[in-house]
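Comments concern the structure below.
Every number here is computed from the coordinates shown, using simple stated rules; none is lab data. Note that the structure is predicted; figures quoted are calculated from it, not measured. Cβ sites come from the backbone with ideal geometry, for glycine too, and all protein chains shown count toward neighbours.
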Amino acid sequence: MKLNKLLLLTFSIGLFFTSCTNDDDTPVLPRGDYENGLLISHEGSFTDGVGTVSFISDDFTTVEHNIFSNVNGRTLGTVVQSMVFNGDLAYIISNVSNRIDIVNRYTFESVATIDTGLSNPRYMAVSNGKGYVTNWGDFTPADDDYLAVIDLTTNTIIDTISTSYLPEEIIAQGDQIFVATGVFGLGNSVDVINTITDTLEESITVGNSPNSLQLDADGDLWVLSSENLIEINTTTNEVIKTVELNNSITAPSKLNFDSGNLYLFSGGAVYKMEATATTLPETAEIEGVSFYDMSVRNGVLYGLDAKDFQSAGTLTTYDLSTNTEINTATLRIIPGEVYFN
Amino acid sequence: MRHNIFILLLFSTGFCNLAQAQLDAIQKLDEVVLSDTKLVQYTTGIKVEKLKDSIINKNPVSLTGLLAFNSNLYFKENGFGMVSSPSFRGTNASQTAVIWNGININSQLNGQTDFNTINTTNFDAIDIRSGGGSVQYGSGAIGGSIHLNNNLEFTSHFDTQLRLAYGSFDTRMTNISSSYGNSKFTVNAGIAYIDSDNDYKYLGTDSVNENGAFNNVNFNLNLGYFISEKDVLKLYHQSYNGEREFSGTLVAPSNSKYEDENYRTMLEWTRISGAFSSKLKAVHLNERFKYFENKANNLFSFGKVNTWLFNHNLNYRVSNTLQFRSILEFSRFDGGGSSFGDPRRNAFSATMLMNHKPTTRFEYNLNLRRDVTSDFENPFLFSVDGAYRVSNTYAIQFNASKNFRIPTFNDLYWQPGGNLDLNPEQSYQLDLGHTLDFKAFNFKLNTYYIATEDLIQWRPDNSGDWMPINVAKSQSYGAEIEAFSKIKLKLNHLSFSGRYSYTVSENIETKKQLIYVPFHKGNVSIAYNHAVFSMFYQHQFNGEVLIIGDRLSGYNVGNIGFGCLINKNGKVHYDINLRVNNFRDREYQNVALRPMPNRNYQIITTIKF
């Protein structure tokens with residue numbers, strides 16, 4: 001059925017291209033059912049469920065849930081925490097199951113599974129042909145927090161690197177990766193790892209519990225914590241700006257960068273700050289929302305609402321030039337993050 | 001003719017007096033033998049099912065296994081032997097009270113009792129009281145209550161029982177108990193130990209239940225002594241000491257471990273003097289747990305609560321048809337733990353019960369209760385229940401009550417999140433029961449309605465921090481049918497029990513059935529005896545349930561057992577039993593992703609002398 005649909009699609013698009021594009025004879029084949037749309041990872045029920053991934057076409061006309069199990073006939077693990085793309089592949093991290101499922105990001109066909117060497121895996125970044133996965137280890141002990149280094153050609157863990165504290169978000173820039181370490185009011189550093197030598201080069205002190213990392217157009221790293229917003233030059237690894245919180249923004253999270261602006265979420269509202277500004281705004285762009293996560297891309301905000309964490313969540317998009325709603329789709333249990341495929 | 005009528009009248013009044021005298025004797029006996037007489041005397045309109053020791057003995061050893069097959073309760077078990085939560089009539093585990101010799105023993109930390117931590121072996125009677133009972137039994141008696149009772153036998157005896165069992169997954173059970181008594185003094189003590197690797201195969205997969213081993217030891221000691229003709233001093237003690245690995249799921253491994261301990265001691269002084277009987281109880285309860293995220297290292301989080309409770313109970317029998325009881329209770333709770341400092345709570349309650357039998361056919365109770373707690377306001381509670389005997393075989397029971405569940409220590413003090421502004425959950429309910437009693441056949445039908453408001457649920461706030469709030473309203477309604485039958489033909493004894501319940505339990509706002517409440521649940525037990533040979537079959541059906549974001553299929557599971565009485569000569573009794581659980585080897589889960597055991601065997605031998 002799926003194959004038939006795919007063939008039909010291939011055929012019709014092929015026709016379209018042959019009839020309309022005279023100057024280009026190379027037919028562009030679709031790479032899979034899940035191209036040109038959004039992938040939304042879902043944590044699923046922590047106690048007795050598994051995580052899922054949903055697909056929503058760019059125009060919101062097609063919505064398909066549980067695409068991993070639809071394609072592969074088996075489920076992902078418990079609490080799908082995050083996903084990362086590398087080339088045609090997507091790496092899906094199941095936190096409680098200590099597992100990474102590797103799929104083709106367009107067809108969602110399973111390519112490989114990594115299920116050894118991980119302990120409470122959270123996020124992953126790719127640099128120099130290697131995957132770097134943040135692992136909490138056990139929650140309490142502070143000396144078992146690490147990065148697992150994966151050789152992406154063999155999909156095996158080849159090394160581990162200790163981190164300062166519980167490692168959360170991770171981002172790659174050049175031959176470096178930056179790891180936010182800290183959560184639940186503890187930990188306040190960004191660890192810098194050289195991905196040629198796979199060693200911890202330095203720890204940059206930031207605010208308490210850094211919760212999100214973003215790179216801006218100049219390649220500067222922005223670190224949002226429960227204390228402040230910090231800009232770091234990724235060449236010198238020095239803090240170049242510290243923006244303090246204000247009375248409106250007391251517990252910010254979910255930092256995004258889009259076209260010269262930074263966006264963050266605090267107390268049920270979305271705030272926008274120009275990257276050149278030195279203070280956070282007092283007034284919100286969008287209020288009265290409850291986002292478990294949000295992403296901003298090309299002037300559109302994608303807000304995920306996990307509701308009561310027991311019933312279906314939603315995705316709502318907003319046009320940031322007018323701050324009005326564009327589309328809404330009903331999702332599954334605890335939608336965690338939007339990925340642009 | 002007239003003469004005959006006169007004789008008949010005389011006879012019937014005489015009979016009546018005789019019956020009344022018997023009742024008196026029974027009530028006096030109850031006061032002495034039972035620690036929780038209100039379960040007998042003030043429950044006219046409430047469905048109470050007594051599980052006899054023959055049934056208790058047939059289902060060693062956890063309360064979960066016993067009740068899943070022998071009551072209308074529905075259980076969620078996180079894998080065999082793991083945390084087990086009961087549900088009465090679509091309510092939840094913290095709305096089910098467990099009463100040990102009249103005292104509510106639900107955890108102050110999470111408001112519930114884990115039914116896999118109660119070893120049934122050392123109790124003489126287990127009663128299942130369906131419906132609200134907060135007036136008599138306090139917080140959490142919303143859906144119903146389970147009563148674990150030890151009896152004190154003031155007769156001349158000295159009995160000892162030794163039971164050994166061995167089964168699949170290297171499961172070993174040992175139980176030794178002894179009872180001694182005369183007309184003035186009695187003592188009984190028992191110790192029960194269970195140990196299991198619990199590494200059963202997950203049917204249909206290549207994996208086994210890893211990290212599921214458990215062991216626990218239960219100790220009971222009960223004493224009774226007549227200080228004078230009117231005064232009896234009693235001491236009850238029970239302790240539980242358990243260590244369990246917490247098994248993972250089909251998709252997630254686990255290496256955690258849980259250790260918990262419970263100590264319960266009660267000293268009771270009963271005085272019976274004419275129409276008055278009074279009981280003064282001093283109770284000490286201690287619960288503590290340690291949770292190890294990784295059993296390989298010694299890092300753990302812990303919680304503990306120490307409870308001191310004083311209870312005075314005065315019963316006044318105005319006449320043979322009218323009696324009153326007052327209950328005053330003061331409790332003090334001292335908590336401590338990794339996540340909530342050292343909170344304290346004081347509670348006081350005053351209860352008034354009235355039992356009235358206006359006619360021989362009709363009897364009712366009126367009950368009132370007021371609680372005062374240091375942390376929050378409590379509702380005024382009441383219950384009315386009654387029974388009308390339409391004929392010798394048919395009776396109607398009814399009850400209406402208001403019940404509550406107080407916020408737990410976790411709800412109030414857990415850091416972060418604990419919310420000191422919580423109110424108790426409040427619940428109203430109605431229950432109508434019909435009972436039909438024939439010589440060889442009994443039948444019960446109950447219909448009920450329960451509305452609960454201010455349900456406490458943990459929800460994330462705007463900043464994503466979780467905290468408990470009084471948020472939801474739910475309603476449950478449904479029907480329960482129970483049928484029992486006993487047939488005796490020469491040396492052949494056949495007994496049958498069957499239960500079915502239909503339960504709707506929904507969130508009033510969303511009109512959706514709550515998760516983990518099956519619409520349909522039923523069970524059947526058939527036991528057959530012929531001289532020294534016995535066998536039984538028990539079957540349980542649980543319908544499909546909703547779970548978060550999905551559905552979990554229903555299941556059927558059956559156990560079969562054979563027994564042989566080897567020696568009954570003189571005083572020594574020796575029997576051997578073989579039991580096959582899940583004998584059709586079916587894969588089933590009662591909590592999603594946590595398979596229950598495949599077919600497994602137990603051999604049990606009992607020696608009594």
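Tabulated data for the structure shown
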| item | result |
| --- | --- |
| Point-to-point label distance, B:Asn492-B:Leu299, nm (Cα→Cβ direction, 7 Å offset) | 6.6 nm |
| Lys pairs, chain A - Cα-Cα below 23 angstrom, 8 or more residues apart or on other chains | 4 |
| C-alpha center-to-center spacing [region A:58-92, region A:97-153] in angstrom | 16 Å |
| Computed [θ] at 222 nm, deg cm²/dmol, chain A (DSSP H ≥ 4; -39,500 (n - 2.57); rounded to nearest 500) | -2500 deg cm²/dmol |
| Neighbour net charge for A:Ile249 - beta-carbon separation under 13 angstrom, K R +1, D E -1 | -3 |
| Chain B shape via C-alpha gyration tensor axes, a/c threshold 1.5 | rounded |
| Within straight-line cross-link reach of B:Lys608, aspartates and glutamates at Cα separation under 15 Å, skipping those fewer than 8 residues along the same chain | B:Asp53, B:Asp159, B:Asp575 |
| Residue-count net charge about A:Ile204 - beta-carbon cut-off 9 Å; Lys, Arg +1, Asp, Glu -1 | -3 |
| Proximal lysines relative to B:Lys38, as straight alpha-carbon distance under 26 Å, when same-chain residues fewer than 8 apart are discounted | B:Lys28, B:Lys47, B:Lys50, B:Lys52, B:Lys184, B:Lys230, B:Lys234, B:Lys279, B:Lys281, B:Lys357, B:Lys402, B:Lys444 |
| Sites B:Tyr291 and B:Tyr263 - FRET efficiency at Förster radius 22 Å, r taken between beta-carbons, to 0.05 | 0.70 |
| Paramagnetic label zone (point 7 Å from Cα along Cα-to-C-beta, A:Leu215; backbone N under 19 Å) in region A:133-147 | A:133-134 |
| Sorted by Cβ density within 10 Å, fewest first, the residues B:Ser134, B:Ser497 | B:Ser497, B:Ser134 |
| Helix-only [θ]222 nm of chain B, DSSP H runs n ≥ 4, -39500 (n - 2.57) each, per residue, nearest 500 | -3000 deg cm²/dmol |
| Inter-chain shielding of B:548-556 (mean C-beta neighbours from other protein chains, 10 Å cut-off) | 4 |
| Neighbour-limited loop hits for trypsin sites (Lys or Arg not before Pro), region B:557-601 (at most 10 other Cβ within 10 Å; DSSP other than H, G, I, E, B) | B:Lys571 |
| Computed E for B:Thr360/B:Val187 - FRET, C-beta separation, R0 30 angstrom, nearest 0.05 | 0.15 |
| For region B:551-587 versus region B:395-420, the gap between their alpha-carbon centres in whole angstrom | 38 Å |
| Local electrostatic count, A:Leu331, Cβ distance below 13 Å [Lys/Arg +1, Asp/Glu -1] | -3 |
| 5 angstrom amide H check on A:Ser45, placed H, neighbours 5+ away | A:Val50 |
| Residue with peak Gaussian network fluctuation, chain A [Cα springs, cutoff 10 Å], from A:Val149, A:Val28, A:Val103 | A:Val28 |
| Sorted by Cβ neighbour density within 10 Å, fewest at the top, the residues B:Met354, A:Met273, B:Met266 | B:Met354, A:Met273, B:Met266 |
| Cut-off 19 Å (backbone N to label point 7 Å along Cα→Cβ of B:Lys571), residues of region B:133-162 | B:153-162 |
| Rounded to whole Hz, the Karplus (6.51, -1.76, 1.60) HN-Hα couplings of region B:374-380, x for glycine and proline | 5, 9, 7, 7, 10, x, 7 |
| Shielding by partners - mean other protein chain Cβ count within 10 Å, residues of A:261-272 | 1 |
| Calculated FRET value between B:Gln415 and A:Thr276, using beta carbons and R₀ = 41 Å, to 0.05 | 0.55 |
| Neighbour-count order for B:Tyr528, A:Tyr339, B:Tyr448, fewest beta carbons within 10 angstrom listed first | B:Tyr528, A:Tyr339, B:Tyr448 |
| Pairwise centroid distance, computed over Cα atoms, of region B:482-524 with region B:300-326, Å | 32 Å |
| Distance in nm between pseudo-label sites at A:Ala329 and B:Ile227 (7 Å out along the Cβ direction from Cα) | 7.6 nm |
| GNM result for chain A, Cα springs below 10 Å: residue of A:Thr279, A:Thr324, A:Thr197 fluctuating most strongly | A:Thr197 |
